[in-house]
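Data block below; observations after.
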Amino acid sequence: MKKLLIILLLSAIFGWMQKGIAQKYNPLLPPNTYRNADNPNYWKNKNPYCGYWQQDVHYKIKARIDEKKDIITASEELTYWNNSPDTLTYVFFHLYQNAFQPGSYYDKLQKANKIQPVYGKYELQKKGTEIKNLKVNGQNVKIEIDNTIMKVYLPEPLLPNQSIIFSMDFKTYFDKGSVRRRMKVFNAWGYKHYDGVHWYPRISVYDRKFGWTTDQHLGREFYGDFGTFDVELTFASNYIVGATGYLINRKEVLPDDLRKKLDIKNFANKPWNSKPSVIIPYDSTQTKTWIYHAENVHDFAFTADPTYRIGEAHWEDKVVYALAQEPHASRWQNAAEYTAKVIQVYSEDFGRYVYHKMIVADARDGMEYPMLTLDGGMDPSYRGLLAHEVGHNWFFGQVGNNETYRAMLDEGFTQFLTAWALTKIDGDTLVEPMPRSKYVRKFKKPVSPRLYRAYYGYLLDAITEDDAFLNTHSDDFNGAIRHGGGYRHVYYKTATMLYNMRYVLGEELFLKSMQNYFNKWKIAHPYVEDFRNTIIQYSHVDLNWFFDQWLTTVKNMDYAVKSVKPAKEKGKYIIEIERLGEMQMPVEFTVISKDKKEYKYYIPNNWFVKKTDATVLPRWIGWGKLNPLYFAEVEIPEGIKDVIIDPSMQMADVNRLNNSKKFPLSVKFDSKIWNYPDWGKYELFVRPDFWYNSYDGMKIGVHMNGNYMQKLHNLHATFWMNTGLLQDANIADKNLFDPISFNVAYQTSTHKLMKRSWVALQTKWLDGLNSYKIRFSKQDRKGKNTFYTEYKSMIRLDSSDLHYLLYPNDWKINKLNNTIALGVTHKYKYTKGRGTIDLKLRSSTLFSDYNFAQLTLEAKNYNQITKKLDFNTRVFALLGTGNNTPYESALYLAGANPEQLMDNKFTRSAGFIPTDWTRYSGNTGNFQMGGGLNLRGYNNYVAVETLPDTIVLAYRGKSGASVSGELEFDKLIKFKPRFLRAFKLDTYIFGDAGYIDFGQKTYNISDVRVDAGLGAALTIRRWGPLQTVNPLTIRFDFPFFLNRPPATEDFVQFRWLIGINRTF
């Protein structure tokens, strides 16, 4: 008996020991050890603060992906632990794929943004995720579904520190609608590619801030509980699968001999986009089941493609897999190695990666999931994408914030990481594809990843005070979708904020603070207040002023060197620095002496002083209207050459033109190559300019255009010397042409006066016209409505100025045409179309030699009827009053008036358009410029109208109305050879109809005139390597039909005309 007891006791002890050994924390293999006491990542083992809690989950999912029907059929078992202090009587689940169907909340949001979704076959049937046989602890329960949220009523209350088991069967459907859907299927060279994301019923997060988080899915962000996933995925046997977690049966589904065949190096020389080889033949009767185990994760995703080829790299104990579609493998050779470097940088600088692997997949996307990112592109363009999506495995993947509520904590932090990694790996110059053109390579400027990935996106809006409040729900940025409505500042403003926090704290303290935040909140759920509190508590620096101004305001930063004056004591100077923006910051500045020595200074803005080798000056306490000026006394025996605020360019100063004693001007050749703007300088681009007209002859001049950050002080100026060379031999007064010409235009933002407003000035003495114009514009927040007022003055001084004109009889000399206008332009979108309406009231004003007023309404609409046909319309009406309307500003029957012709370089003077095309006569002509009533078929026809006692020419009048339509059918033409890519050919059927009031003192309304015919517009879109030259459109119209043709013409006959640009 004793022996039996001893045997039983030893067996129990051995069993207990075995159980203990088996359940030692191991995140790679079952059983679930996430909640173990030896899991260093489990929240209870490293509680972020006393009293913190979060819920735990363990999903067990078995799924079959049907490649014929594009359906996932699966079973799910979820164990849910209630670690909260609350008793739960119901729970919520997310059914994300239900967002992509008619009548969904996301569908309504799309339509509110004037987007008409086109749905696939399953989406039209409202088949997203379907639930069957849902049970709780084996009992049937009541459920309630509201689009993407499912409420489950529990049969018994779930008490604190208890768990519950949900079981269900479900189906999720892949589809190909027009709405961007991360869970997708697409054709990959004859195979189906699958991305399985947010594909299973996922329990909502119950947390300390909200309780249940039940946001409807509107296409943006996500939030999930941490725990364990055991998932089995069954695919056709030819699929290569990548997914979250450790692949338990790797030897079975990916044996060594197959792995060698799939190695990406085998395809290093494969031509881009060429047909993939067949390594595993497709057999509809054969399947493979891929089995995964993942711990410390809040989601599970997969990607599958028969054309995937595998790259592999390692950093310490971390493995990186690159899954590239074989036709792209040649440009994905370094994907795994580059990603390993990214993981190393993030791990060493911000916190060690807790997972064992990372997959970067060639999946036509840019999205992140635990241990898996869906990417696209090729090297080197994809480096930023890889760095960004992998970075999400730090902020969102490991630090699991509620990104639906505040996306800045993951998107913004990851945008910062992206710039950080690109800089650490590739240096301070963004690696971009090498341009093929030597000319482009010569004039292409390098850009730093920090500016490209962070500062520029923020500054280009902040300069005009048009950035966004970061402390905003991710679905509440002005009701817009994707990155609209200011949502992009979740990325750029946050990234810029983090760089500025680095500037405030100094790099060493900044990195330690960020590492502390990551380690404290990894595998946990922080909110914005947790981030700021964690940083402040660790650094022991009061940064509340910093976070308040960045997170809860749209204040901006602008410091200026106001003056530099000698002090009373020899060798000393008083430097006056002004805070023009509402943001406060500590200020670093450098003084450059006349013998080029550098003296560094640092002005703290509170009691904290960061580590610095600069001379620390007295504190500058102030914000808003408090202490906007600071006087720094410095000793520079050699004398001061320059003073530069923030020479390291870390402060997000919106106007660096005033950051130095010297005005920072950069003068460069205007190469017509697009580059990012220079944040530190006003850029002025200069090039020679040659032009021609038949009176001035050859015009030899110089063109200058300048701006600051493409938003402020935009200048366009051209000055010519007119030579008379190659003048038209038939022109009289040959020597009376203007000796010089100029055209100067300036525009800048007036946001200090009124947000989203601009002022524009123009003066020109050009082609016989002296003109002056000033315009003020104001745009609403959404950019749909622009209100404007404009003053304009024009005069041609003598008869020689008429020699320039295409239509010299339609402009009087020595008559001031002074006008003032008020108007509004409204832009709008609707189902399958967009449009603009412009309403303008214009009147003669002081010192004008004319007396007239015009009320103009113009509506243009661009509609997509089918995928192959577009229908565009223009409705125009002008009501004119007054007894002395200038010819140049009158309404013209066939097209633009002479005033409008002055706005185009090809039509502002004779020289390019043959003169016999532009003579009014009893026949139609061969040149037309869009505008006016736009009855193009009547171009250059005097339009005879008969009154009881006289004959009147009705080509010009005071009032009128018209409608034009063009049915474009060029998409039906499949002939689009590669060598014609620089060109675009639009073909269309057109029709115009309208009438004109040709009376001088009384109203005389003409009969309706109609024209119709065929047209083609050839647009030169690219001019060789030149990137910023505007496209040129040459139009060929054939108005075969006129309902009131000239006496010498038939109703239907061959007619042709040429025009510059489309008619509307």
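Values quoted throughout were computed directly from the atomic coordinates according to the rules given, and no laboratory measurement underlies them. Everything numeric in this text was worked out from a predicted model, so none of it was measured. Heads up, the Cβs are rebuilt from the backbone with ideal geometry, glycines too, and the neighbour counts pull from every protein chain shown.
Summarising the strand pairing of segment 22-426, around 80 percent of its internal DSSP beta bridges are antiparallel. Cβ crowding within 10 Å ranks K438, K610 as K438, K610, fewest other Cβ atoms first. Put simply, the amide H of D146, placed in the peptide plane, has neighbours under 5 Å in K151, leaving out anything fewer than 5 places away on its chain.
A straight line joining the Cα centroids of segment 922-993 and segment 621-676 runs 54 Å. Of A361, S204, A877, which is farthest along the charge dipole of the chain in the positive direction, counting Lys and Arg as +1 and Asp and Glu as -1 at C-beta? With unit charges placed on the Cβ atoms, the residue in question is A361.
With neighbour counts taken as other beta-carbon atoms within 10 Å, the residues D257, D548 rank, fewest first, as D257, D548.
Can you tell me the length gained on complete extension of the stretch L985 to T836, counting 0.36 nm per residue apart and subtracting the Cα distance? Walk me through the intermediate numbers first.
Details: separation 149, 0.36 × 149 = 53.64 nm, distance 2.38 nm.
Taking 0.36 nm per residue and subtracting the Cα distance, the gain is 51.3 nm.
Write down Rg/Rh for segment 559-658, rounded to two decimals, with Rg from the C-alpha atoms and Rh from the Kirkwood relation over Cα pairs.
Values: Rg = 13.1 Å, Rh = 13.9 Å.
So for segment 559-658, dividing Rg by the Kirkwood Rh gives 0.94.
Past the 19 angstrom mark, what percentage of all C-alpha to C-alpha distances in segment 928-1024 do you count? Write down the numbers at each step before the final one.
Working: 2503 of 4656 pairs.
Above the 19 Å cut-off, segment 928-1024 has 54 percent of its Cα pairs.
The H on the amide N of I248, modeled in the peptide plane, is under 5 Å from the matching H of I291, Y292, H293, each at least 5 residues off or on a different chain.
Here segment 196-238 and segment 1042-1056 have alpha carbon centers that stand 69 Å from each other. Starting from the Cα of L869, move 7 Å in the Cα-to-Cβ direction to define the label point; list residues of segment 969-984 whose amide nitrogen is under 19 Å from there. Hits in segment 969-984 for L869 at 19 Å: 969-974. Look at the Cα gyration tensor of segment 1000-1064: its axes a ≥ b ≥ c give a/c of at least 1.5 with a/b at or below b/c, and that counts as oblate. Legend: translational diffusion of segment 638-781 by Stokes-Einstein, Rh = Kirkwood radius over C-alpha pairs, 20 °C, 1.002 mPa s; D = 118 µm²/s. The lysines within cross-link reach of K764, meaning a Cα-to-Cα straight distance under 17 Å and a gap of 8 or more places when in the same chain, are K699, K773, K792, K815, K905.
Close amide H partners of F983, meaning residues 5 or more places away or on another chain with modelled amide H under 5 Å apart, are R1021.
From most to least packed by mean Cβ count within 10 Å, the peptides 933-943, 832-842 give 933-943, 832-842. Taken along the Cα-to-beta-carbon direction at a fixed 7 Å, the label points for N45 and N273 span 5.0 nm.
Treating each Cα of segment 22-426 as one equal point scatterer and applying the Debye formula with no solvent, the log10 of I(q)/I(0) at q = 0.08 Å⁻¹ comes out as -0.41. By the rule of a C-alpha distance below 12 Å, with chain neighbours fewer than 8 residues away ignored, the aspartates and glutamates paired with K171 are D66, D70, E76, E130. Quick one: check the C-alpha center-to-center distance for segment 286-352 versus segment 889-909, whole angstrom. Measuring centre to centre over Cα atoms gives 61 Å. Here the translational diffusion coefficient of segment 750-1060 follows from Stokes-Einstein with Rh set to the Kirkwood radius across Cα pairs; for 25 °C and 0.890 mPa s it amounts to 117 µm²/s.
By the gyration tensor of its Cα atoms, with a ≥ b ≥ c the square roots of the eigenvalues, what is the shape of segment 838-942: rounded for a/c under 1.5, prolate for a/b over b/c, or oblate? Judged from the Cα gyration tensor, segment 838-942 comes out oblate (a/c at least 1.5, b/c at or above a/b). Each of H473, Y455, I523 was placed along the dipole of segment 438-551 (beta-carbon charges, centred on the mean Cα), and the one lying farthest toward the positive end is Y455. Over all other residues within a Cβ to Cβ distance under 15 Å of T285, the charged ones net out to 0, with Lys and Arg as +1 and Asp and Glu as -1. Take each peptide in 503-512, 300-309, 552-561, count the other Cβ atoms within 10 Å of every residue, and average; sorted highest first, the result is 300-309, 552-561, 503-512. Taking 0.36 nm per residue of separation and subtracting the current Cα-Cα distance, fully stretching the chain between I145 and F1051 would add 319.6 nm. Backbone phi angles across segment 690-696, fed through the Karplus curve with coefficients 6.51, -1.76 and 1.60 (θ = phi - 60°), yield HN-Hα couplings of 10, 8, 8, 9, 6, 9, 6 Hz in residue order; Gly and Pro are listed as x.
Please work out the FRET efficiency for the pair K782 and V744, using the Cβ-Cβ distance as r and a Förster radius of 35 Å; give the result to the nearest 0.05. Don't jump to the answer; show the numbers that get you there.
Numbers: r = 33 Å, r/R0 = 0.93.
That gives a FRET efficiency of 0.60.
Angle of helix 489-505 to the longest C-alpha principal axis of the chain, folded into 0 to 90 degrees and rounded to 10: 70°. Against the chain, whose longest principal axis comes from its Cα atoms, helix 528-539 is set at around 70 degrees. Taking 0.36 nm per residue of separation and subtracting the Cα-Cα distance, full extension of the segment from K114 to V1029 would add 326.2 nm. Over all distinct Cα-Cα pairs of the chain, the Kirkwood formula returns a hydrodynamic radius of 34.1 Å. In the structure shown, the pairs K868/K976; K565/K681; K594/K662 are assessed against 20 Å; a Cα-Cα span above that value is assigned to K565/K681.
Only Lys, Arg, Asp and Glu carry charge here, each on its Cβ (+1 for the first two, -1 for the last two); on that basis the chain has a dipole of about 900 debye about its Cα centre.
Each residue of segment 47-61 is assigned a 3J(HN,Hα), and the resulting list reads 3, x, 7, 4, x, 6, 8, 8, 7, 10, 9, 9, 9, 10, 10 Hz, derived from the Karplus form 6.51 cos²θ - 1.76 cosθ + 1.60 (θ = phi - 60°), x at Gly and Pro. Across segment 111-120, coupling constants 3J(HN,Hα) worked out from phi with the 6.51/-1.76/1.60 Karplus curve, θ = phi - 60°, read 5, 5, 9, 6, 10, 9, x, 10, 9, x Hz, and Gly and Pro carry x. Select from H293, T373, G925 the residue farthest towards the positive end of the dipole of the chain; place +1 on Cβ of Lys and Arg, -1 on Cβ of Asp and Glu, and compute about the Cα centre. Positive-most Cα among the choices belongs to H293.
Rank by packing, highest mean first: peptides 80-93, 974-987, with packing defined as the count of other Cβ atoms within 10 Å averaged across residues. Spell out each step's value before the answer.
Values: 80-93: 17.4, 974-987: 10.8.
Ranked by mean Cβ neighbours within 10 Å, highest first: 80-93, 974-987.
Using alpha carbons only, how many degrees (0 to 90, rounded to 10) separate the axis of helix 507-521 from the longest principal axis of the chain? Around 60 degrees separate the two axes.
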